[in-house]
């Protein structure tokens, strides 16, 4: 992660998955909630996108929305959008949910200018497993619960890491 703070603007964080209706909007919602709870809204901008464009303009998957709501996170204001090349210039940190998303995101950066900004989300998970966030879309409710647990602990770890990099005071420290 780059220790250099962007001058005159908030740090921009982007979460990326395939369709931007399950994993990445959940990460966005959880991370935004944690940023707000830490009093860092003026310091951090949060968004999410999908590598595919099938769901552009759609709300998050109803099952993910319900799982998040049951656990205290509101995703109702979010809408899917597709990742584009400009995102790699505009965001300071891009966290992708799996290796396929990593490949597709880096394909937008043929010159390799932004590779250090693009990381696997679960690189920061205290329990990284295979470093992939499983896509719950075709499974049952237990998949959404599992993804929530992964995203919850990983967004906490990412916020703590960024706090250390940028000198923010957050609950739980670095």
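How many of the residues making up region 119-162 are without any contact (Cβ under 8 Å) to a residue 24 or more places away in the chain and either more than 16 Å from the chain's Cα centre (by Cα) or part of a helix (DSSP H, G or I) (or both)?
11
Which ones in region 96-118 are in contact with a helix residue (DSSP H, G or I) (Cβ under 6 Å, 6 or more places away or on another chain) and either farther than 22 Å from residue 31 by Cβ or part of a loop (DSSP other than H, G, I, E, B) (or both)? Break it down stepwise before answering.
Looking only at region 96-118, we keep the residues that are in contact with a helix residue (DSSP H, G or I) (Cβ under 6 Å, 6 or more places away or on another chain), and these are 96-97, 108-109, 114, 118.
Listed by number, the residues that qualify are 97, 108, 109, 114.
Checking residue 81 against (1) surrounded by 12 or more Cβ atoms within 10 Å (Cβ to Cβ); (2) free of Cβ contacts under 8 Å to residues at least 24 places away in the same chain, only one condition comes out false. Which one?
(2)
Going residue by residue through region 2-17, is there one that turns out to be buried (at least 16 other Cβ atoms within 10 Å of the Cβ), touching a helix residue (DSSP H, G or I) at 6+ places or on another chain (Cβ under 8 Å), over 17 Å from residue 159 (Cβ atoms) and modelled with pLDDT of 95 or more?
Looking through region 2-17, at least one residue is buried (at least 16 other Cβ atoms within 10 Å of the Cβ), touching a helix residue (DSSP H, G or I) at 6+ places or on another chain (Cβ under 8 Å), over 17 Å from residue 159 (Cβ atoms) and modelled with pLDDT of 95 or more.
What do you reckon, is residue 79 in a loop (DSSP other than H, G, I, E, B), within 15 Å of the chain's Cα centre (by Cα) and under 14 Å from residue 16 (Cβ atoms)?
Answer is no for this residue.
The values are calculated or read from the model by the stated rules, or taken from the named source; none is laboratory data. Note that the structure is predicted; figures quoted are calculated from it, not measured. Note that each Cβ is placed from the backbone with ideal geometry, even for glycine, and that neighbours are counted across all protein chains shown.
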